[in-house]
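What follows is a short report on a single structure.
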Amino acid sequence: QVQLVESGGGLVEPGGSLRLSCAASGTLFSIYGMGWYRQAPGKQRELVATITNIGSTNYADSVKGRFTISRDNAKKMVYLQMNSLEPEDTAVYYCKLGGTDYWGKGTLVTVSS
């Protein structure tokens, strides 16, 4: 059974950094692309960043230059390094197994002074 478990969320001040992690199990991780999405209060879930199985990346315009997605296939992990955080980045962040409907339960990121 596929499981995705996010971690690393928390409260951070504007301008700060956080690193989110997503641990995958129950799947041949290395053949799938992975994605990070987020959902802010009262808003629809939106794409943040994706990474293909061979490491090609794509970012939402709102996070380009501030966020970096990466993966470690040996550890079945995907990461989201978030720098220069803004209050608008406050949301629950989810990881998703590409091309499937498998989602993690999310981790909350709050950017506030």
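The values are calculated or read from the model by the stated rules, or taken from the named source; none is laboratory data. These numbers were taken from a predicted model, which means no experiment stands behind them. Cβ placement follows ideal geometry from the backbone for every residue including glycine, while neighbour counts extend to all protein chains displayed. Calculation scope for accessible area: heavy atoms of the full protein, side chains included, ligands and nucleic acids excluded. Shrake-Rupley method; radii C 1.70, N 1.55, O 1.52, S 1.80 Å.
Accessible area per residue for the chain is 53 Å², calculated with a 1.4 Å probe on protein heavy atoms, without ligands, DNA or RNA. Which listed residue (Gly98, Leu108, Leu11) has the Cα farthest towards the positive end of the charge dipole for the chain, taking +1 on Lys and Arg C-beta and -1 on Asp and Glu C-beta about the Cα centre? So the residue furthest toward the plus end is Gly98. Treating segment 1-106 as a set of equal point scatterers at the Cα positions, no solvent, please give the Debye-formula log₁₀ I(q)/I(0) at q = 0.11, 0.17 Å⁻¹. Per q value, in the given order, log10 I(q)/I(0) is -0.30, -0.72.
Report, for the chain, the % of DSSP beta bridges that are antiparallel, rounded to 5.
Values: 35 of 38 bridges.
The antiparallel fraction comes to roughly 90 percent.
Ranked by solvent-accessible area (1.4 Å probe, protein heavy atoms only, all chains present), the residues Glu46, Glu6 order from largest to smallest as Glu46, Glu6. Once you treat every alpha carbon in segment 22-71 as an equal point and sum by Debye, what is log10 I(q)/I(0) at q = 0.22, 0.32 Å⁻¹? Evaluating at q = 0.22, 0.32 Å⁻¹ gives log10 I(q)/I(0) of -0.85, -1.23.
The share of accessible area on the chain that comes from carbon and sulfur is 48 percent, using a 1.4 angstrom probe. Ranking Trp36, Trp103 by solvent-accessible area of protein heavy atoms (1.4 Å probe, all protein chains present), from largest to smallest, gives Trp103, Trp36. A Cβ-based charge dipole, computed about the Cα centre of the chain with Lys and Arg at +1 and Asp and Glu at -1, lands at about 280 debye.
For the residues Val78, Val48, Val12, a GNM of the chain with alpha-carbon springs under 10 Å puts the largest fluctuation on Val12.
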